[in-house]
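Here the structure is laid out as C-alpha cells; the discussion comes afterwards.
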Amino acid sequence: MLNVEEALALVLQEVELPPPREVPLADALGLALDETITSDIDSPPHDKSIVDGYALIAASVTGPQTELTVIEEVAAGQVPERKVEPGTATRIMTGAPIPDGADAVVMVEKTVAENDSAPPRVRILEAPVKPSQNIVRRGFSMRRGDEVLSAHLHRHLRPVEIGLLAEVGRGTVRVLQPRIAVLATGNELASVQEIPGPGQIRNSNGPMLLALVKDAGAAGFDLGIAEDTAVDLRAKIGQGLRTDVLILSGGVSAGVLDLVPQVLADCGVREVFHKINLKPGKPLWFGIKDDGGHRTLVFGLPGNPVSSLVCFELFVRPAILKLAGHKDCVQQPVQAALTTDHAQRGQRATYWPSRLTELPDGMRRVTPLPWKGSGDLRTLADANALAIFPPGDRHYESGSSVAVLRI
C-alpha cells in the first residue's frame, strides 16, 4: 500500500487549476485573483486637503499673525465656488477639493478664527507657509489606466485589496474558487433533524465535510445522503461530477454494500489509488473524471468521522488549496514534546487526536487524547492537532519529540 507521502504526491500531480469564476466583490475575500485590474479613475480625483484648516496662497502669509479674509467654507463632497486671491483664504475640511488659486493649507490648530468680524477673518499663527503643504495632488496614489493588481501573482484578496477593488469600481471580480460537492452514503444515515430509528445514526460527516470545505476557502454543495444502491449512488455522483471536487464519505471499504468504487468506475472515473498505509483512513479512494472539457477530483473517504477528517486534512485540503491558487498548499508538521508516555502499535502510520500547547518560550507540548477509535468524534472535538506516530511497535516516553499536524 502507498504511504501518506506517496498518496499525497499522486493527488497533487492530478490537480489542474479550474476555470475562473466571476463573484461579487463582497464574496471575494480570501480568493485568488485571476485577472489584471486597472484603475478607471485618478486617485485622488482632485487636489485635496489632508487636514481641516484654511486653503490659501503661501506667499500671502508674510509672517506670524497674518490675517486673511475667509471667503467660503468647503467640506468633503462639495466643490469650491470661489477662487482664492492674495489676502484671502477658504475654510476647508479634510478630503475637500483645493479651490482655484490656493497652493497650500494651514491646519486649523495653527490658526485663530476671527468670527465676529464681517466678513470673517482668520489669523495664521505659523510662518512661513510652504507651497503644497497639506495638499495631496490629483492622481498621487494612482492614475486612470494604471495596473493596480496583477493576475499573474494569483494574489489572495485581503480586506485591503477588497477596498482597492471598490475604489476602482469593481463590483465583481474574476477569481479561483473551486466548487466542491459533498455526498454522504449509507442506508444507516438519518438527517440532522431526524431522531435516528433502529440501526440508524445521524449524518455527521456531511455537515463536517461541508464546514471543512468552507474553511478551506472553497464553495461547497451538499448532495445530501445516498442510499446503498447503484441507482441512487449513480444519480447523485453524476451531479457531483459537474463540480471540481467530489467528496464521498462511506462505501469504500470491503463490505457487501460498499458500492462506491464500482459505481465510480461505471461513471467513468479513473481510479488512481485505493487504500493507503494510514490509521485512521486506510480505505481512502482517489480518482479522476476527465472528459476533456471538465476535470473532477474524486475522493472516497471512509465513513467513520475521525477517518474522514484525517483524510480530508492530509489529502483533500491540500488539493483544494492548490486548486484555489495557493503555492504552499501542504501544511508542514511541527515538532512537540509528549507530555505523557505513548505506546504505538501496528504497521500503519497513526495520526492520533491530540492537544497541542504553544509555550511562551517557543517550545511546544503535545498530549495524546483518550481516543476511542475512528467513530469517536467527541474526543476529536477536544483536539487541535494530530500527533504522528510512524509505523512499527514502539514505546514513546514522556518528553519524546514527535511530529504534529495542526487541525
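The values are calculated or read from the model by the stated rules, or taken from the named source; none is laboratory data. Quantities reported herein were computed from a predicted structural model and do not represent experimental measurements. So basically every Cβ, Gly included, is an ideal-geometry build from the backbone, and we count neighbours across all protein chains shown.
Applying the criterion of being touching a helix residue (DSSP H, G or I) at 6+ places or on another chain (Cβ under 8 Å) and either aromatic (Phe, Trp, Tyr) or not in a strand (DSSP E or B) (or both) to the residues of the range 40-66, the residue that is nearest to Val168 (Cα to Cα) is Ile41.
Considering the range 360-386, and only residues there that are touching a strand residue (DSSP E or B) at 6+ places or on another chain (Cβ under 7 Å) and within 12 Å of Pro280 (Cα to Cα), the residue that is surrounded by the fewest Cβ atoms within 10 Å (Cβ to Cβ) turns out to be Trp371. For the range 360-375, filtering for residues that are free of Cβ contacts under 8 Å to residues at least 40 places away in the same chain and assigned to a strand (DSSP E or B) leaves 4.
The residue of the range 36-65 that is surrounded by the most Cβ atoms within 10 Å (Cβ to Cβ), among those that are charged (D, E, K, R) and within 36 Å of the chain's Cα centre (by Cα), is Lys48. In summary, Thr339 fulfils each of the numbered conditions (1) without any contact (Cβ under 8 Å) to a residue 24 or more places away in the chain; (2) farther than 23 Å from Ser308 by Cα with the single exception of condition (1). Candidates Gly220, Gly169, Gly206, Gly186: the one that is in contact (Cβ under 8 Å) with a residue 40 or more places away in the chain, closer than 20 Å to Ile320 by Cα and more than 19 Å from the chain's Cα centre (by Cα) is Gly206. Name the single residue, out of those in the range 180-200 being surrounded by fewer than 14 Cβ atoms within 10 Å (Cβ to Cβ) and of a type in the set (A, V, I, L, M), that is farthest from Gly251 (Cα to Cα). That would be Ile195.
Scanning the range 1-55 for residues that are of a type in the set (Val, Ile, Thr) and touching an Asp or Glu at 6+ places or on another chain (Cβ under 8 Å) returns Thr36, Ile37, Thr38, Ile41.
Of the residues making up the range 169-187, those that are touching a Leu at 6+ places or on another chain (Cβ under 9 Å) and over 30 Å from Pro305 (Cβ atoms) are Arg170, Gly171, Thr172, Val173, Arg174, Val175. The residue that is farthest from Glu67 (Cα to Cα), among those in the range 86-107 that are part of a strand (DSSP E or B) and within 44 Å of the chain's Cα centre (by Cα), is Pro97. Among the residues of the range 87-107, is there at least one that is surrounded by fewer than 17 Cβ atoms within 10 Å (Cβ to Cβ) and without any contact (Cβ under 8 Å) to a residue 24 or more places away in the chain? Yes: the range 87-107 contains one or more residues that are surrounded by fewer than 17 Cβ atoms within 10 Å (Cβ to Cβ) and without any contact (Cβ under 8 Å) to a residue 24 or more places away in the chain.
Working carefully through the options Glu313, Glu271, find the one that is free of Cβ contacts under 8 Å to residues at least 60 places away in the same chain and either out of contact with any Pro (no Cβ under 9 Å at 6 or more places or on another chain) or assigned to a strand (DSSP E or B) (or both). Testing whether each residue is free of Cβ contacts under 8 Å to residues at least 60 places away in the same chain and either out of contact with any Pro (no Cβ under 9 Å at 6 or more places or on another chain) or assigned to a strand (DSSP E or B) (or both) leaves just Glu271. When Val213, Val252, Val192 are screened for being part of a loop (DSSP other than H, G, I, E, B), among the hydrophobic types (A, V, I, L, M, F, W, C) and closer than 27 Å to Asp290 by Cα, only Val252 passes. Take the conditions closer than 17 Å to Ala184 by Cα and crowded, with 23+ Cβ neighbours inside 10 Å and apply them to Leu259. Does it pass? So Leu259 fails the test. Within the range 67-84, being surrounded by 16 or more Cβ atoms within 10 Å (Cβ to Cβ) and either assigned to a loop (DSSP other than H, G, I, E, B) or of a type in the set (S, T, N, Q) (or both) holds for Pro80, Val84. As for the range 15-35, it holds no residue that is farther than 20 Å from Gly217 by Cα, in contact with a strand residue (DSSP E or B) (Cβ under 8 Å, 6 or more places away or on another chain) and part of a loop (DSSP other than H, G, I, E, B).
Okay, residues lined up against (1) farther than 15 Å from Leu405 by Cα; (2) in the same structural domain as Leu12 (by TED's automatic domain parsing); (3) touching a helix residue (DSSP H, G or I) at 6+ places or on another chain (Cβ under 7 Å); (4) free of Cβ contacts under 8 Å to residues at least 60 places away in the same chain:
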position: Ile276; (1), (2), (3), (4): yes, yes, yes, no
position: Lys289; (1), (2), (3), (4): yes, yes, no, yes
position: Phe299; (1), (2), (3), (4): yes, yes, yes, yes
position: Ser308; (1), (2), (3), (4): yes, yes, yes, no
position: Cys329; (1), (2), (3), (4): no, no, yes, no
position: Gln344; (1), (2), (3), (4): yes, no, no, yes
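With respect to being surrounded by fewer than 17 Cβ atoms within 10 Å (Cβ to Cβ), under 29 Å from the mean Cα position of the chain (by Cα) and part of a strand (DSSP E or B), Thr357 fits the description.
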